[in-house]
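Below you'll find the structure, written out as structure tokens, and then a few comments.
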Amino acid sequence: MSLDATSRSGPATNGAVHADGAGTLGDPRARTVPSWRSIDWREHQHWLVVDGRPVNTIALGDGPPILFVHGLSGRWGNWLEQMPVFAQRHRVVAVDLPGFGHSPGGAGELSMEGYAALLDKLLGELGLARAVVVGNSMGGLIAAELAAAFPQRVERLALISPAGISTFEDRFTQRTMPLVRRFEQKLALAAQWAASNSDMVTSRPRLRELALKGVVRHPSRLPAALAAEQVRGAGTDGFLRALEAIFEYDLTPRLAEIGCPTLVVWGDHDLLINVRDAARFHELIAGSKLVVYEDTGHMAMLERPGEFNELLARFLGSSD
């Protein structure tokens with residue numbers, strides 16, 4: 001089915017918690033919530049033109065708004081385990097950033113500041129003065145930049161394995177760019193093939209492992225249909241330009257400017273952005289809360305959906 005429509009729990013220590021994902025936080029999916037597969041997502045699709053760019057936007061539900069921001073090689077479908085749950089009480093919005101999913105990237109550079117400015121204007125187009133903003137990886141970097149540059153827009157902030165610290169500081173990541181450029185065409189063709197054959201790729205255990213091993217800790221544990229929706233986001237024209245923009249952007253000075261309540265979530269087996277960054281985000285964002293899931297990779301919201309959803313729900317309902 002394609003959606004293409006056009007700790008061990010333990011006491012907190014200075015706000016940090018380790019969790020093993022054993023179910024101690026409960027499972028919001030036990031509520032009467034429609035499965036993402038039962039929703040006709042085309043009914044909730046909107047094309048918004050922001051700064052002359054068409055942006056594929058999915059919005060459903062009513063109530064206080066939540067904006068979900070995907071990462072590199074991602075798309076709005078990265079949030080399939082969250083949107084039906086939170087749409088019961090919230091207006092939930094997820095976008096394909098320009099250059100990803102169905103949103104065309106166009107010519108020219110992509111920048112993290114530019115993406116944040118685009119989201120500020122997109123919220124305005126939707127008539128949303130403020131929103132909770134939730135971002136993963138590159139989307140976490142953009143969400144943090146949005147909170148620093150446009151604080152009036154962000155009521156609360158949740159960051160899942162955000163980029164922006166070691167992705168700038170680690171010289172090894174910088175040295176990978178010439179290699180990526182050298183094999184750009186071959187990498188793009190391979191990614192496009194995987195995206196166009198995502199159902200087949202994710203239905204075969206070895207191919208699913210190959211496609212997702214660097215992203216999630218246990219690809220075999222993702223339902224095949226959900227895994228297919230993640231692979232479907234690969235091979236878009238924004239990947240290389242956005243990757244360069246991530247490597248070039250130092251988020252560290254901006255983190256002290258974030259004044260809203262912030263939740264930082266990481267997996268202790270994140271192979272893309274080292275979990276060491278978690279403590280630094282927690283330290284640099286005043287008053288932030290940190291949760292690290294054990295035996296979890298780069299996408300805790302998909303790998304631990306029940307626990308993550310309840311964690312986010314508790315964060316939204318907290319008084320600080």
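The values are calculated or read from the model by the stated rules, or taken from the named source; none is laboratory data. Note that the structure is a prediction, hence the values are computed from the model and not measured. Glycine also receives a Cβ, built like all others from the backbone with ideal geometry; neighbour counts cover every protein chain displayed.
Structure data summary
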quantity	calculated
Output for the range 206-222, where each listed residue is modelled with pLDDT of 90 or more and more than 23 Å from His102 (Cα to Cα)	Val216, Arg217, His218, Pro219, Ser220, Arg221, Leu222
Selection count where residues are of a type outside the set (S, T, N, Q), more than 17 Å from Val134 (Cα to Cα) and crowded, with 19+ Cβ neighbours inside 10 Å, scope the range 294-305	1
Members of the range 282-320 that are part of a loop (DSSP other than H, G, I, E, B) and more than 16 Å from Leu271 (Cα to Cα)	Ile285, Ala286, Gly287, Ser288, Arg304, Ser318, Ser319, Asp320
Filtered residue count, the range 240-290, keeping only those that are among the small types (Gly, Ala, Ser), surrounded by fewer than 16 Cβ atoms within 10 Å (Cβ to Cβ) and touching a helix residue (DSSP H, G or I) at 6+ places or on another chain (Cβ under 7 Å)	2
Count of residues meeting criterion [modelled with pLDDT under 95, under 15 Å from the mean Cα position of the chain (by Cα) and over 19 Å from Phe68 (Cα atoms)] in the range 244-270	0
Filter result for Phe168 (among the aromatic types (Phe, Trp, Tyr), under 23 Å from Glu283 (Cα atoms), at pLDDT 90 or above and buried (at least 17 other Cβ atoms within 10 Å of the Cβ))	yes
Qualifying residue in the range 102-112 (condition: part of a helix (DSSP H, G or I) and either out of contact with any Ser or Thr (no Cβ under 9 Å at 6 or more places or on another chain) or polar (S, T, N, Q) (or both))	yes
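Residue-by-condition table, conditions (1) at pLDDT below 95; (2) under 17 Å from the mean Cα position of the chain (by Cα); (3) of a type in the set (S, T, N, Q):
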{"site": "Val69", "(1), (2), (3)": "no, yes, no"}
{"site": "Ala87", "(1), (2), (3)": "no, no, no"}
{"site": "Leu97", "(1), (2), (3)": "no, yes, no"}
{"site": "Arg130", "(1), (2), (3)": "no, no, no"}
{"site": "Asn136", "(1), (2), (3)": "no, yes, yes"}
{"site": "Ala143", "(1), (2), (3)": "no, yes, no"}
{"site": "Arg156", "(1), (2), (3)": "no, yes, no"}
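Per-residue answers, yes or no, for (1) surrounded by fewer than 24 Cβ atoms within 10 Å (Cβ to Cβ); (2) polar (S, T, N, Q); (3) in contact with a Ser or Thr (Cβ under 9 Å, 6 or more places away or on another chain):
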| residue | (1), (2), (3) |
| --- | --- |
| Asp62 | yes, no, no |
| Pro84 | yes, no, yes |
| Arg91 | yes, no, no |
| Val95 | no, no, yes |
